[in-house]
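**Student:** Structure in structure tokens, see below.
The values are calculated or read from the model by the stated rules, or taken from the named source; none is laboratory data. Treat the numbers as computed from the prediction; the structure is a model and nothing was measured. Here the Cβ is made from the backbone with ideal geometry for all residues, glycine too, and neighbour counts use every protein chain on show. These area figures cover heavy atoms from the full protein model, side chains too; ligands, DNA and RNA do not enter into them. Shrake-Rupley method; radii C 1.70, N 1.55, O 1.52, S 1.80 Å.
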Amino acid sequence: MSEFNEQVVKRVNKPKNLIIKILSIVLLITVPVLCAFLAVLVQITYLIYVGFFIFLGGIYAVWYVFSLQKVEYEYTVLGDELRIAKIISLRKRKKVCSVPIKSIETLEKDEKSTQGKRFLKTFTAARDIDRADENYFLTYNDSAYGKSLLVFSPNEDILLAMKPHLKKDIVIKLFYNRNAG
């Protein structure tokens, strides 16, 4: 029977997300007001109705933009495979990558080990990409993309589920020499 472990990580909202929300609200208010102003200026009552319906449609659009900002990543270890999916607003699920654990070349907490190396594909599924102390950097050889990098934020349960399938040098470095440089 295969072992199954799962972790859901919510992505931290950045200032960019706040700017997107503010701009969507500003557009929601500006466009109907502009239509009303033009209706008064040109004296066409029809534009007031257009502005009202644009406002009603804009409410839905703003709600949709706000909901797209809610992103979660799901890490699943099933047997000897690590699967990562991106969940957007609890309604859309997209596969990020699937990594055979036995093909992992490096798994480290230090970003410096990956600097200066070229990767054909980089997958980012971290809670907060700027918090280097909680992110792990995993390199592996993908059959579709070649040498790939995965940045993710697993908990202890996910790492322990991966442990039996990892190479011995990775296990020793990750689990037994954590404080050693």
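**Student:** Look at the stretch 117-140 and say how many of its residues are surrounded by 14 or more Cβ atoms within 10 Å (Cβ to Cβ) and touching a strand residue (DSSP E or B) at 6+ places or on another chain (Cβ under 8 Å).
**Tutor:** Residues in the stretch 117-140 being surrounded by 14 or more Cβ atoms within 10 Å (Cβ to Cβ) and touching a strand residue (DSSP E or B) at 6+ places or on another chain (Cβ under 8 Å): 13 in total.
**Student:** Quick check on the stretch 64-89: of everything there that is of a type in the set (Lys, Arg) and under 26 Å from Ile101 (Cβ atoms), which residue is least open to solvent (accessible area, probe 1.4 Å)?
**Tutor:** Lys86
**Student:** Filter the stretch 117-142 for residues that are in contact with a Ser or Thr (Cβ under 8 Å, 6 or more places away or on another chain) and among the acidic types (Asp, Glu); which is nearest to Glu74 (Cα to Cα)?
**Tutor:** Filtering first and then ranking leaves Asp128.
**Student:** Take the residues in the stretch 58-83 that are small (Gly, Ala, Ser) and more than 18 Å from the chain's Cα centre (by Cα), then tell me which one is farthest from Phe137 (Cα to Cα).
**Tutor:** Gly58
**Student:** Search the stretch 113-132 for residues being of a type in the set (S, T, N, Q) and more than 19 Å from the chain's Cα centre (by Cα), and hand back the single one that is nearest to Val99 (Cα to Cα).
**Tutor:** Thr114
**Student:** Separate question: So, Lys112, is that one open to solvent by 10 Å² or more (accessible area, probe 1.4 Å), touching a residue at least 24 places away in the same chain (Cβ under 8 Å) and basic (Lys, Arg) or not?
**Tutor:** Criteria not met by Lys112.
**Student:** Looking at the stretch 66-77, can you tell me whether even one residue there is free of Cβ contacts under 8 Å to residues at least 12 places away in the same chain and over 30 Å from Met162 (Cβ atoms)?
**Tutor:** No, the stretch 66-77 has no match at all.
**Student:** Here's a follow-up. Could you please find all residues in the stretch 3-27 being open to solvent by 80 Å² or more (accessible area, probe 1.4 Å), farther than 16 Å from Val71 by Cβ and either in contact with a Cys (Cβ under 9 Å, 6 or more places away or on another chain) or touching a residue at least 60 places away in the same chain (Cβ under 8 Å) (or both)?
**Tutor:** Within the stretch 3-27, Glu3, Phe4, Glu6 meet the criteria.
**Student:** Do the conditions hold for Thr30, that is, is it open to solvent by less than 80 Å² (accessible area, probe 1.4 Å) and under 30 Å from Ala125 (Cβ atoms)?
**Tutor:** no
**Student:** Right, here's the next one. With the requirement that a residue be surrounded by 14 or more Cβ atoms within 10 Å (Cβ to Cβ) and out of contact with any strand residue (DSSP E or B) (no Cβ under 7 Å at 6 or more places or on another chain), what does the stretch 149-162 give you?
**Tutor:** Residues satisfying the conditions are Leu159, Leu160.
**Student:** Provide a single number: the residues in the stretch 132-150 that are among the charged types (D, E, K, R) and within 10 Å of Thr122 (Cα to Cα).
**Tutor:** Total meeting the criteria: 1.
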